[in-house]
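K.L.:
Before I ask anything, let me first share the structure, which is written out below as structure tokens.
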Amino acid sequence: MQLVVARIGRAHGIKGEVTVEVRTDEPELRLAPGAVLATDPATAGPLTIETGRVHSGRLLLRFEGVKDRTGAEALRNTLLIADVDPAELPEDPEEFYDHQLMDLDVVLADGTAIGRITEITHLPSQDLFIVERPDGSEVMIPFVEEIVAEIDLEEQRAVITPPPGLIDASEAVVASAREEETGTEGSAPKAGDA
């Protein structure tokens, strides 16, 4: 199975190094020197990692055969793809590979069906499940423990406990409406109040 593990960013310096946007929880394994990675577009690779280092919080890689800034810049926006055994599991039992989560049924704690995970989007602050509902619409579910209560790979389902409005927009509580219900609007102390 092939998994996208990084996206090449801009060139760094003049000796062929590039910044990379890491898309794996195991960069020390997937992006280690000597790793041979397929690419998208395929014409850019395969690429073999020659060196790797962290500089100012960013991972920098240099690939065999890429010795200057021009060669490094030509790789910009290329996806790096690792071959992974489908039976391989992350070391931490609370972590999952994207392929394990794809096509899981998403249900509420009471068993109510919400839909099926069709895509996983990796954002800087969190990951999102893109869930296709039975009517064809989509809903985005943040993959955080406050919302995703359980991932059951044996049952092929993700159990969620969403806040009001996440699944059904008509249930959303608007901040101004909440203030009117509680009578807190305009109750902030004025300057000089003790």
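K.L.:
What do you reckon, is Ala82 under 30 Å from His12 (Cα atoms) and part of a helix (DSSP H, G or I)?
P.N.:
Answer is no for this residue.
K.L.:
Looking only at the stretch 13-60, which residues are under 17 Å from Gln2 (Cβ atoms) and basic (Lys, Arg)?
P.N.:
The answer is Arg23, Arg30.
K.L.:
All but one of (1) without any contact (Cβ under 8 Å) to a residue 12 or more places away in the chain; (2) open to solvent by less than 30 Å² (accessible area, probe 1.4 Å) hold for Leu61; state the number of the condition that does not hold.
P.N.:
Condition (1) is where Leu61 drops out.
K.L.:
Would you be able to tell me the number of residues in the stretch 113-135 that are modelled with pLDDT under 90 and either of a type in the set (Asp, Glu) or more than 16 Å from Tyr97 (Cα to Cα) (or both)?
P.N.:
Number of matching residues: 4.
K.L.:
Select from the stretch 139-168 the residues that are within 20 Å of His99 (Cβ to Cβ), open to solvent by 70 Å² or more (accessible area, probe 1.4 Å) and not basic (Lys, Arg) and list them in ascending order.
P.N.:
Within the stretch 139-168, Met140, Glu150, Glu154, Glu155, Gln156 qualify.
K.L.:
Given the criteria closer than 30 Å to Val148 by Cβ and not basic (Lys, Arg), does Val18 qualify?
P.N.:
In short, no.
K.L.:
Within the stretch 1-57, which strands (runs of 3 or more DSSP E) (wholly inside it) include 1 or more residues that are at pLDDT below 90 and within 18 Å of the chain's Cα centre (by Cα)?
P.N.:
The qualifying strands (runs of 3 or more DSSP E) are 2-12, 17-22.
K.L.:
Considering the stretch 93-125 alone, what residues qualify as being without any contact (Cβ under 8 Å) to a residue 24 or more places away in the chain, out of contact with any helix residue (DSSP H, G or I) (no Cβ under 7 Å at 6 or more places or on another chain) and of a type outside the set (Gly, Ala, Ser)?
P.N.:
Pro93, Glu94, Met102, Asp110, Thr112, Arg116, Thr118, Glu119, Thr121, Leu123, Pro124
K.L.:
Within the stretch 112-138, can you find the residues that are more than 27 Å from Glu21 (Cβ to Cβ), loosely packed, with under 14 Cβ neighbours inside 10 Å and among the β-branched types (Val, Ile, Thr)?
P.N.:
Thr112 - this is the single residue of the stretch 112-138 that is more than 27 Å from Glu21 (Cβ to Cβ), loosely packed, with under 14 Cβ neighbours inside 10 Å and among the β-branched types (Val, Ile, Thr).
K.L.:
If Glu21 satisfies every condition in (1) in contact (Cβ under 8 Å) with a residue 40 or more places away in the chain; (2) open to solvent by less than 80 Å² (accessible area, probe 1.4 Å); (3) under 27 Å from Tyr97 (Cβ atoms) but one, which is the exception?
P.N.:
Failed condition: (1).
K.L.:
Quick one: which of Asp68, Asp103, Asp83, Asp40 is under 24 Å from Glu145 (Cβ atoms) and open to solvent by 20 Å² or more (accessible area, probe 1.4 Å)?
P.N.:
Only one candidate qualifies: Asp103.
The values are calculated or read from the model by the stated rules, or taken from the named source; none is laboratory data. Not measured: the values here are computed from a predicted model. Cβ: placed from backbone, ideal geometry, glycine included. Neighbour counts: every protein chain shown. Note: areas computed on protein heavy atoms with side chains; ligands, DNA, RNA excluded. Shrake-Rupley method; radii C 1.70, N 1.55, O 1.52, S 1.80 Å.
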